[in-house]
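Data first, discussion second: the structure below is written as structure tokens.
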Amino acid sequence: MRIALCNEVLGGMPLEQQCEYAASVGYDGLEIAPFTLSDAPEKISTAEAARIRRVVEASGLVVTGLHWLLVKPDGLSLTDPDASVRKRTLDVMIHLIGLCAELGGSVLVHGSPKQRQIAPGETHAAALARLQDALAQAALAAARVGVTYCIEPLSQRETSLVNTIAEAAELVRSIDHPNFRTMIDCSAAGQTEAAPVPALIDRWLPTGLIAHLQVNDPNRRGPGQGEMKFAPILAALKRHNYTGSIAVEPFDYSPDGQGVAAFSSGYLRGLREALSL
């Protein structure tokens, strides 16, 4: 089980330094937010993707995938009533799916809460139908390049669409494509779900609908920096023979990005060793 760092945690550094630092504190890979690579990630060429991949792999890391997909360019939305906005957004998504494959990643995490809101005057059903249509097309694009596209359940504080794993699972089943699945974000689950994360893993991982895990505390700091216990979470992953990556994605960088990255890595590697993962 690889431990990856969401690279925006080290966003003040050039990519080369991000990689060197992440490797030095024990990470196995980076999960990249495309907006950290360019203000126009939809224009990153195959040649530039190859260069980025060489930079990451030269440090001994791998790109595990992409997340926080639709921050840039501005003005994206999958649920906007304007069909041209939705088409532009889908075009960006399809480019990022190809980029993920070119970087050597295997999974894309679709959080991007601001780009899946219910527009004023619109119904939940209409917005969800638009989201479903776009994600079905993303699944087809993911299949073409051999990656998995995941919808991320997020708290109601962030978005009004797809807040629980059960809601995400229903969406995955409705699209019914092997390259489209969902995932667990520990912080969002801790804020939203009635059951604790280990029980969610026991419930959902055997269904085959879960393809990824992001590890963070409900207080939005790194794993081990709050009340959530991660040893039972990793033990649950072990029970079900999980072999994917887990990605450290804090939002509150305490004491700073480098500090939370180093602490999280040490904490998780200690648990991984103790559990023989």
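FYI, it's all coordinate maths here, none of it is from the lab. Please read all numbers here as calculations on a predicted model, not as lab measurements. Here the Cβ is made from the backbone with ideal geometry for all residues, glycine too, and neighbour counts use every protein chain on show.
Which chymotrypsin sites (Phe, Trp or Tyr not before Pro) in the range 1-97 sit in a loop by DSSP (not H, G, I, E or B) and have at most 16 other Cβ atoms within 10 Å of their own Cβ?
On the way: sites: Tyr21, Tyr27, Phe35, Trp68; in loops: Tyr27, Trp68.
Sparse-neighbourhood loop chymotrypsin sites (Phe, Trp or Tyr not before Pro): none present.
Quick one: in the chain, what % of C-alpha pairs are over 25 Å apart? Counting every Cα pair in the chain, those more than 25 Å apart make up 42 percent. Springs between Cα atoms under 10 Å define the GNM used for the chain, and in it the highest mean-square fluctuation of Arg181, Arg53, Arg239 occurs at Arg239. In the elastic network of the chain, a GNM with C-alpha springs shorter than 10 Å, the most mobile of Pro255, Pro73, Pro153 is Pro255. Each residue of the range 147-153 is assigned a 3J(HN,Hα), and the resulting list reads 10, 10, 9, 10, 7, 9, x Hz, derived from the Karplus form 6.51 cos²θ - 1.76 cosθ + 1.60 (θ = phi - 60°), x at Gly and Pro. Residue farthest toward the positive end of the dipole of the chain, with Cβ of Lys/Arg at +1 and Asp/Glu at -1: which of Ala211, Ser160, Leu66? Working it through, the farthest residue towards the positive pole turns out to be Ala211. If the segment from Ala83 to Ser38 were pulled out straight at 0.36 nm per residue, it would be longer than the present Cα-Cα gap by 13.7 nm. Computed over neighbours whose Cβ is under 12 Å from that of Ala139, the net charge equals 0, Lys and Arg +1, Asp and Glu -1. Taking only Cα atoms and a 10 Å spring cutoff, compute GNM fluctuations for the chain and point out the largest among Leu15, Leu154, Leu70. Most flexible of the set in this elastic network: Leu15.
List the GluC sites (Glu not before Pro) in the range 171-277 that DSSP assigns to loop (not H, G, I, E or B) and whose Cβ has at most 15 other Cβ atoms within 10 Å. Which are they?
Working: sites: Glu193, Glu227, Glu273; in loops: Glu193, Glu227.
Sparse-neighbourhood loop GluC sites (Glu not before Pro): Glu227.
Of the DSSP H helices in the chain, those that are both long (alpha-carbon extent of 27 Å or more along the helix axis) and hydrophobic (Kyte-Doolittle mean at least 0.5) are 83-102, 124-145.
Could you calculate the contour length gain from Asp133 to Ser174, that is, 0.36 nm times the residue separation minus the distance between their Cα atoms, to one decimal place in nm?
Details: separation 41, 0.36 × 41 = 14.76 nm, distance 1.05 nm.
Between Asp133 and Ser174, full extension yields 13.7 nm more.
The Cβ shell under 15 Å around Leu171 holds other residues with a net charge of -1, Lys and Arg each +1, Asp and Glu each -1.
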